[in-house]
1. Name the one entry in E446, E411, E404, E454 that is of a type in the set (D, E), open to solvent by less than 40 Å² (accessible area, probe 1.4 Å) and away from ligand 2 (no atom under 16 Å from the Cβ).
2. Within the group A227, A249, which residue is at negative phi, within 15 Å of ligand 1 (Cβ to nearest atom), among the aliphatic types (A, V, I, L, M) and open to solvent by 10 Å² or more (accessible area, probe 1.4 Å)?
3. Please specify each residue of the range 420-447 satisfying the condition of being of a type outside the set (G, A, S) and out of contact with any strand residue (DSSP E or B) (no Cβ under 8 Å at 6 or more places or on another chain).
4. Just checking, how many residues over the range 587-601 are part of a helix (DSSP H, G or I) and over 22 Å from S545 (Cβ atoms)?
5. If V355 meets every condition in (1) of a type in the set (A, V, I, L, M, F, W, C); (2) farther than 30 Å from D551 by Cβ; (3) part of a helix (DSSP H, G or I); (4) open to solvent by less than 10 Å² (accessible area, probe 1.4 Å) apart from one, which number is that one?
6. Does R499 satisfy the criteria of being basic (K, R), at pLDDT below 90, away from ligand 2 (no atom under 16 Å from the Cβ) and open to solvent by 70 Å² or more (accessible area, probe 1.4 Å)?
7. Out of all the residues in the range 69-88, which are part of a helix (DSSP H, G or I) and in contact with a strand residue (DSSP E or B) (Cβ under 9 Å, 6 or more places away or on another chain)?
8. Based on this model, can you work out whether T200 counts as at negative phi, open to solvent by 30 Å² or more (accessible area, probe 1.4 Å) and among the hydroxyl-bearing types (S, T, Y)?
Amino acid sequence: MQSVSVLIPLALPGPYDYAVPDDMMLARGDFVRVPLGPRQVNGVVWGPGAGDVAPAKLKPVLARHRVPALRDPLMQFVDWVAAYVLAPPGLVLRQVMRVPAAFEPEKPVFGYRPTGTPPQRMTPARQRVLDVLKDTPPLPGPDLARLAGVSGSVIKGLHEAGSLAKTELATTGSERGPDPQMVGVALSPAQQEVAIALGTAVAAQTFGVHLLDGVTGSGKTEVYFEAISEALKKQRPALILLPEISLTAQFLARFERRFGSPPALWHSGLTPAERRRTWRAVAENRVQVLVGARSGLFLPWSDLGVIIVDEEHDGGFKQEDGVVYNARDMAIVRAQLTNCPVVLSSATPSLETFVNARQGRYKAHRLAARHGAAELPDIELVDMRTSPPQRGTWLVPQIGTAIEAAIERGEQALLFLNRRGYAPLTICRACGHRYACPNCDAWMVEHRFRRQLECHHCGHARPVPESCDACDAPDQLVACGPGVERIMEEVAARFPEARTAILSSDHMGGVAGIRETINQIAEGGADIIIGTQIVAKGHHFPKLSFVGVVDADLGLGNGDLRAAERTYQMLSQVAGRSGRETTGGRALLQTHMPDHPVLQALVSGDRDAFLEREAAAREQAGMPPYGRLGAIIVSATDQQEGLRFAQELARKTPSHDALRVLGPAPAPIARIRDRYRFRFLLKGTRQAPMQAFISQWLGGVQRRGSVRISVDIDPYTFL
Ligand code: ADP
Ligand code: ZN
C-alpha cells in the first residue's frame, strides 16, 4: 500500500497523507474524496505521501472523482499564490473548488420536442410554442416558455394533449462556440499594427506581458478581439478578466456580434447550476472564450492561449477578503506558468504597469487617438472658491447651462459624484449630535429613497429618526453634503421635463436593474444621468456629450499612496464617457484645488508627464513600484486585547536591513463591525524578503482570544 498527500480546500497548514487502496490508481492532480475527522471532504492529490506515517496507519482515500485531473500549471499557481499572499494553500485551492456539485454525476435535463400531433384545441399561446420549436432543437420547459412568451401551464397542457414529448437533452453537447473565421471591423493602420503584434505573440504561444495602452474609445477592445481570434485559431482558450463583470451586458452583445456566439461567463451572480456547468465545461476543455471576474484565474483550464485583463488599473481586481490577492498581478503569474501571453488593457494604466512598460519588462502598444472622427473631450475646471454654486445647491451655473445645451441638441449629460445615498452626514441642528454607526467609527449615510440611515462599512441601517436621538428635538435633522440622490433632487427641480436616470450600487433592481438602466441609457432613454463610479467603467453611451464632475477633489483628500493616481484614473475614465460618438465632447470638473497636479494633468491631457512625476515621487520615497509594501491588521472585539496583542507583536518585530516596520497605529477606521483595528505597515526595497520576514514574525507569536490577524501583501487600501 502506498500513500498520497491530499490538499483539502480548508485553512489547514498543508496537505495530509492518505493511504491509497490497492484497487485505486491515483496521480497528482486527481480529485478525491477523503475522510477528515468525522467528515468526508473533497480534495486534490498534491503528490506522493510525505511518508512520516506508515501507510498502514493512514486513513484511506475513499473515492476518486470522475473529473479531469488538475493540470500542473494550476497546481503550481495555487502553491505560488499561497506562498505570495501568505495564505494556507488549502484556502487558495478553495478558489478552484468552490463548485461542490461539480463532482457529483450530472442530473439529466429534459426538454420538449413537438410530436407533430396538433392539439385538439389550438390557442394563440399554444401556436407560439409550436412555432418556437419549428426551427430549434428541443428546449427545457422554462426556456421554451420564455421564448414563446407563455406560462409553464401552456406547455404542460400541450404535453398532456400529446403535442409535445419530453426528451433528455445532452448536457455536454458541443454547442456552437465563437467563430474565429468571422471577420471583425476593418482596423485602422494603427490598430492593425497592434493587432498583428498581439496576434503574433498569441501564435508564438509563449509568455510575455503586453500593455495595450490606448485612450478611451481608441478601439482597444476591437484590437484584443483579434488576439482572441488568433487564440481560437490555435484552438487554445482565451480568458478575459473584467473588473465589473455583472455589468457587462454591452460587452457580451458586442462579443457576440464579433464572434457569432457569446462567451462563457464566470462571476458571483451565476446560479449554482450555471457555475457547475461552466466549471465542468472548462475542466473538459469545452470552453473557448470566457469572460470572468478575478476568480476566472482559478478555473481548471487545461490550457490557455491568452489572458486579457481589461481596465487593468481598476482597484476591483484586488480581492480584499479571504485570500487577499490582486488578480491583475496573479494573471501575469498564471500566464507565465501556462506559458501564454497576457494583455493588460487600459486608457489609464496603473503606475506599476506604466513603470514596468517603461523599463521594458512589459511590451507597450499604443493607440493615441480615438477611432474615426471622434475626439477626446475637452476638460475644463470650475474654481469653486471664486465661482461657487448658489446657496443650497451643488452645481455651478456653467454645469446647468451645459446640461441644457446637451439636451437641446438631443444629447445626454452625465453628472458624476462618487458618493452613494443622499448625504454623507446627518446632524441635529438643535444640539449638534452627529449620527454615527454603533458598530464602526463611521458616520451613517442618509439614503432618502429608502428613508434610512446606513453604514457603508457594516451595512447597519435604521429608519431616519423623527426626533433627535440625543436631545429629542423634533424635525431638527439636517443633511450635510451631497450624495448622488441629492444631486438627483437638484436636477429634478431644475430640469423637470428631463428624463433622468441614477446609477449606483443602491439600484432598487439590484444588478439586473443596473444592467437594464445601462441599456436604457445606451439606447437614449435618459437625458441626464447621475452616477457613482459605476458609470465610469467602460460603458459606451453614444449620445453622451457632456460630463459634469460634482466634486473632483473627493478622492484626493485621504492622503493614501495612490490617491492622486486613482483620482486621475477615475476622472479621466468618467470624462472619457463623453463624446464617443458625438462631436465636441466636454467635461467640467468642480474643484477647490484647481492647481492640484492631478487636475492640471487632466486639463492638459498630458498623462505621461503626470505619471512620470508620480513615478519620480514614488521612487524618491521608496514606494511601490520602486519599493514594496505589506500590511498586517490586528483586530479584536476588545480594544485592550487588540492593543496588547499589537504591542506584543511590536516587541517581537524581527529586524532586517531591507525592511522597516511602522506601527502599530490605530487604523484610520479604528473600529469596523465592532472590532478594534490596529495596523502595521511594512516598507521594504524591491528585493526585500517580505513574505519570509512576515512568516517568521507571525510564527513567533500565539494568536489568542478574539484576536484576528490579516496580512495584505501589496496593499491597496489603508483603512
Ligand atoms: P476602447 O476599448 O479603447 O474604449 P472600443 O474598442 O470600445 O475602444 O472602440 C470604441 C468604439 O469605436 C466602439 O464602438 C468600436 O466598435 C468603434 N471602433 C473602434 N475601432 C473601429 C474600427 N476600426 N472600425 C469601426 N469601428 C471601430
Ligand atoms: Zn457600521
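The values are calculated or read from the model by the stated rules, or taken from the named source; none is laboratory data. Remember, predicted model here, so these are calculated numbers, not experimental data. When we count neighbours, we look across all protein chains shown, and the Cβ atoms used for this are built from the backbone with ideal geometry, even at glycine. Accessible surface areas use protein heavy atoms only, side chains included; no ligands, DNA or RNA. Shrake-Rupley method; radii C 1.70, N 1.55, O 1.52, S 1.80 Å.
1. Numbers: E446 fails: away from ligand 2 (no atom under 16 Å from the Cβ); E404 fails: open to solvent by less than 40 Å² (accessible area, probe 1.4 Å); E454 fails: away from ligand 2 (no atom under 16 Å from the Cβ).
Being of a type in the set (D, E), open to solvent by less than 40 Å² (accessible area, probe 1.4 Å) and away from ligand 2 (no atom under 16 Å from the Cβ) holds for just one of E446, E411, E404, E454, which is E411.
2. Working: A227 fails: open to solvent by 10 Å² or more (accessible area, probe 1.4 Å).
Within the list A227, A249, the selection yields A249.
3. Within the range 420-447, the first condition is being of a type outside the set (G, A, S), and the residues that meet it are 420, 422, 424-429, 431, 433-435, 437-441, 443-447.
Across the range 420-447, the qualifying residues are C431, P438.
4. We begin by selecting, within the range 587-601, every residue part of a helix (DSSP H, G or I); these are 597-601.
Applying the additional criterion that residues be over 22 Å from S545 (Cβ atoms) yields 597-598, 600-601.
Residues meeting the conditions: 4.
5. Unmet for V355, out of (1) of a type in the set (A, V, I, L, M, F, W, C); (2) farther than 30 Å from D551 by Cβ; (3) part of a helix (DSSP H, G or I); (4) open to solvent by less than 10 Å² (accessible area, probe 1.4 Å): (2).
6. no
7. Kept after step one, since they are part of a helix (DSSP H, G or I), are these residues of the range 69-88: 72-85.
If the condition is that a residue be part of a helix (DSSP H, G or I) and in contact with a strand residue (DSSP E or B) (Cβ under 9 Å, 6 or more places away or on another chain), then M75, V78, D79, V81, Y84, V85 are the ones that fit.
8. Details: at negative phi: yes; open to solvent by 30 Å² or more (accessible area, probe 1.4 Å): yes; among the hydroxyl-bearing types (S, T, Y): yes.
Taking the combined requirement at face value, the residue satisfies it.
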